[in-house]
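The values are calculated or read from the model by the stated rules, or taken from the named source; none is laboratory data. Because the structure is predicted, anything quoted here is derived from the model rather than measured. Here the Cβ is made from the backbone with ideal geometry for all residues, glycine too, and neighbour counts use every protein chain on show. Just the protein is used for accessible areas: all its heavy atoms, side chains included, with ligands, DNA and RNA removed. Shrake-Rupley method; radii C 1.70, N 1.55, O 1.52, S 1.80 Å.
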Amino acid sequence: MESFFVRYRNVLVLLAILLAQIVGLAMQVRRGSAGHSSLDSRDGSSVRLIRLWADELVTPPERLIHNSKLGVLWVWNNYFYLRDVRQQNRDLQNTIDRLRLEQAALLEDARQGQRLQALLGFQEKYIYSTIAAQAIGTSGSSQSRVFYIDKGEDAHLKPDMAVITGDGIVGKVRDVFPHTAQVLAINDQTSGAGVILQTTRLRGILRGNADGQLMIVGILADERIQPGEVVLTAGGDLVFPRGLPVGTVEKVRRDPDRDAFIQVMVKPAAHLDRLDEVLVITSTQPRFSDQQQKDIATSQAMKGAEAEAIKEQAIQEQLKASQINAERLPGLTDPNAPAASQAGAAQPAKPGQPGSETSAPAAGPPAPKLLPTIHPDRFSPGAAPAPDTGADSNSAPKTGTSPTPQPPPERNP
Amino acid sequence: MSLLGADFRRDMEIHRYPLLVYALVPLTALVLQAWLPRVLGNYAWFDLPLVVTVYFALGRRSPIQGTIMGAAMGLFEDALSHHAIGVNGIAKTVVGFLAASVGIRIDVENYTIRLLLNFLLSLLSSAIFLFVYRVLLGLDLEWDWLTQLFIAIGNSVVALILFPLLDRFQIRE
């Protein structure tokens, strides 16, 4: 028996190590109800521990190499290559001043837009807070397009945060370690992002292929899609905010697996294979910095004073116009009529109410000036039956020019 | 008699290195493999941990040591990726075992053999990776054999430069 183990010890060790790894793999893979296998998106604690060890071992040398490179560049740029720096500094300062004011106005607009969208029930997300990070390493495997950044739990990063550059989206945070984080690039086979084509408004899912190229899948064959069309994030994946640039359509080809569908190859907007500095979107809720708050307050104060002045001017102009109109319009009251009759016409006196005639308000509506009737009949003002003429409050006031009332002619059936 | 002769020859040709080399060379290979793709982008057609595994397995001529080294390097690579831990581990375990087993029987000082061995073992490693991923785990994975071919060629070229360099660290008795 001993000779068996001695003789086959090499093969036995090989089998033991292979078996241990197969068992470990089996524990990481989950088989779904439909028979499809899948890896857990979140690592188990033991797997995460192994990843953490590997990260802790590799990251310090990588950080050292990266920092050395940055140090050399810094020394070169700050102590040797200084041509025209003073002039550039002045120009940049001017640009900063101008951009700060513009940014304040844009932030205000963004805030207002968000309020309006909240009123309309939209769930639009804006990027309000990002953290800059340096890409320090990769997985080293062409089958796993992940890279590492030099910010982790210490910078409050969390899984599924979007990672972008100024050019476009890059990926999402997959795993967070104490001082680093693993980012799954958008050109990995297992990644996925909701995108929309800017012109045709077609939606699809963005993912990578074996060569690390970006492609949109899940789109029905459509001849409207042309190379050069801009691709943006759709915002439905709960990772990337809507409207971020993804890239441009490079070419369209038929999906080999599904006849009715096509694959849209996309040229990424960000340089995915040469990443240095990236931004991690840590918040899509409004949270302005102190400086931004000050700028907004300044902008609002400036806008408020301006608005008040405009409003005052508008009121003055309106008053002036109404006065001119009042002067030009024909008078509705007889300037020669006695004040009492005007008052009585305006506010009819109530019988039995003391002082009712004198209590009519002076500023009441003007009484209409009645013109003399040319052919009076019984319906003419002042032609009412005589006995209660003076007591009828609804009757029109008599004028000196009113003709004598005539009885209406008899009509025979 | 011939067996004894072979054992004697094998013992005489076992390469020995300072302990620091055993520790630093694999670590450097892993770090460079993780860092160089940032500089070279999609043209990083090599697998330094695999080359180092093959080198030490061939030099030490011990299948057990080759197996353990391959497993360690592969698991390390898996840990840095987002794949299941063990896929590369299995591939490089087999490669380490085979390289050491072959090293017992052939003259590994020959540059042509080194080149050929690296090329073939690289392709074998890719094939095992694909087998484990698709068959054992049943996961979907797009595969590009042309890239794997370039990687195998790149590994051979790297081995051509790296092996003589590492030979300088051998302990000569």
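When nucleic acids and ligands are ignored and a 1.4 Å probe is applied, B:W143 ends up with an accessible area of around 40 Å².
Each residue was assigned an accessible area with a 1.4 Å probe, and for A:M302 the value is about 120 Å². Separation of segment A:250-264 and segment A:165-179, taken as the distance between their Cα centroids, equals 29 angstrom.
Averaged per residue, segment B:2-167 has 41 square angstrom of accessible surface, using a 1.4 angstrom probe with ligands and nucleic acids left out. In segment B:119-173, the portion of solvent-accessible area held by carbon and sulfur atoms comes to 69 percent [1.4 Å probe, whole percent, DNA, RNA and ligands not counted]. Compared with the dominant principal axis of the Cα atoms in chain B, helix B:63-80 is inclined by about 30°. Once a ≥ b ≥ c are taken as the square roots of the eigenvalues of the Cα gyration tensor of segment A:79-220, is the result rounded (a/c under 1.5), prolate (a/b larger than b/c) or oblate (a/b not larger than b/c)? Oblate shape, in that a/c is at least 1.5 and b/c is the bigger or equal ratio. Its alpha carbons considered, chain B gives a radius of gyration followed by a Dmax of 16.1, 54 Å. For segment A:57-121, the residue among A:Q112, A:Q93, A:F80 whose Cα projects farthest onto the positive side of the dipole built from Cβ charges is A:F80.
Place a label point 7 angstrom from the Cα of B:Q170 along the Cα-to-Cβ direction, then list the residues of segment B:44-58 whose backbone nitrogen is under 19 Å away. Correct set: B:51-58. Of the residues A:V173, A:V230, A:T298, the one whose Cα sits farthest toward the positive end of the charge dipole of segment A:159-304, with +1 on the Cβ of Lys and Arg and -1 on the Cβ of Asp and Glu, is A:T298. Between segment A:66-115 and segment B:38-97, the alpha-carbon centres lie 44 Å apart.
Just to be sure I understand: if you take the accessible area of chain B alone plus chain A alone and subtract the pair, with a 1.4 Å probe, what total do you get in Å², rounded to 100? The contact between A and B buries close to 4300 Å². Overall, chain B carries a charge dipole of about 320 debye about its Cα centre when +1 sits on the Cβ of Lys and Arg and -1 on the Cβ of Asp and Glu, all other atoms neutral. Among the protein heavy atoms, those of A:E102 account for about 80 Å² of accessible surface (1.4 Å probe, every chain in place).
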